[in-house]
Amino acid sequence: MGILNVTPDSFSDGGSYSALEFALSHAEQMIADGVDIIDIGGESTRPGIPPVPLDEELRRVMPVIYALRDCGKPLSIDTYKPEVMREALIAEVDMINDINGFRAPGAIDAVRDSAAGLCIMHMQGEPQTMQQQPSYGDVVAEVIAFLQERVGALEAAGVRHERICIDPGFGFGKSVGHNYDLLRNTRSLIDTLDLPLLAGMSRKSMIGAITGKPLDQRLAGSLGAALAAAAQGAMIIRVHDVAETVDALNVWQAGMAGDGVKTIYKNT
Ligand code: 7PJ
């Protein structure tokens, strides 16, 4: 899964590119690089960044969704707003990726009658303040319990199990220790919930914590994290650097078994 940010800070405004043109050329590059899913996001959820109003989020993402809908790759929308989910589903996106786990009032109603895939992510607290004091008794057990509850809520509303994937939400209300406890327990999350898992660790502070590197030098560390997750059966890896991650996963797969992550996961 390639990250396509459509935020004003995600492109350099000095030249002739508009945000839309920049996003489309970025998407084109990701497709050339072998992306499988394009995850479009109009709101930066980095800690401390204020929320984006609904109108502004729609203005950012909808033109990109309509421009990319025939690009041949599945589109995902990274949003927690039910209104954005509805608009994106009218535009026939393939997946709704909700960092809030479909907890907003109306979120489940917005997605239940569609056929789109649904990613339920765990987050403790709110994006603005979540990194101030993450606190758990047993982080793995608590994330599993949360995801189980949200899967139950979606299924009770009539969503089929096959539409759902889970995500421990690396960096969302978690210390470095919490993040690595979760990463080391990827297999256990997948087995316990019996659902495909999405892992998003690309360039995050958990990578910086081990490598000591700033944001723009976290590629190698992020590849290490991607392989650690894939080796435990993660089915979707959400990344900025598509070309490098595709290469790393392909070489790793060839060396492990040669027949794909899914096969490795099922056979081990
Ligand atoms: C994630 C996400 C993640 C899912 C972001 C960033 C922050 N969606 N959206 N999982 N992270 N499902 O990319 O640094 O980890 S935004």
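For the reader, a short list of remarks on this structure follows.
- Members of the range 38-57 found to be within 15 Å of the ligand (Cβ to nearest atom) and without any contact (Cβ under 8 Å) to a residue 60 or more places away in the chain, listed by number: I38, I40, G41, G42, E43, S44, V52, E57
- Only one of L24, L89 that is more than 24 Å from M201 (Cα to Cα) and assigned to a helix (DSSP H, G or I): L89
- Unique match (being in a loop (DSSP other than H, G, I, E, B) and modelled with pLDDT of 95 or more) among D113, D55: D113
- In the range 199-224, the residues that are within 11 Å of the ligand (Cβ to nearest atom) and open to solvent by less than 40 Å² (accessible area, probe 1.4 Å): A199, G200, M201, S202, M206, I207, R218, S222
- Check on S188, open to solvent by 10 Å² or more (accessible area, probe 1.4 Å) and either within 11 Å of the ligand (Cβ to nearest atom) or of a type in the set (A, V, I, L, M, F, W, C) (or both): no
- Residue that is in contact (Cβ under 8 Å) with a residue 40 or more places away in the chain, away from the ligand (no atom under 14 Å from the Cβ), open to solvent by less than 30 Å² (accessible area, probe 1.4 Å) and assigned to a loop (DSSP other than H, G, I, E, B), where the choices are V64, V35: V35
- Pair list, Cβ < 8 Å and 6+ apart or interchain, from the range 162-182 residues that are within 16 Å of I207 (Cβ to Cβ) to residues that are within 11 Å of the ligand (Cβ to nearest atom) and assigned to a strand (DSSP E or B): P168/M121; P168/L197; P168/A199; G169/M121; F170/A199; F172/M121
- Each residue in the range 117-143 was checked for being buried (at least 19 other Cβ atoms within 10 Å of the Cβ) and away from the ligand (no atom under 12 Å from the Cβ), and 3 of them qualify.
The values are calculated or read from the model by the stated rules, or taken from the named source; none is laboratory data. Since the model is a prediction, treat every value here as computed from it, not as a measurement. No Cβ is skipped: glycine too gets one built from the backbone with ideal geometry, and neighbour counts run over all protein chains shown. For accessibility, only protein heavy atoms count, side chains too; no ligands or nucleic acids. Shrake-Rupley method; radii C 1.70, N 1.55, O 1.52, S 1.80 Å.
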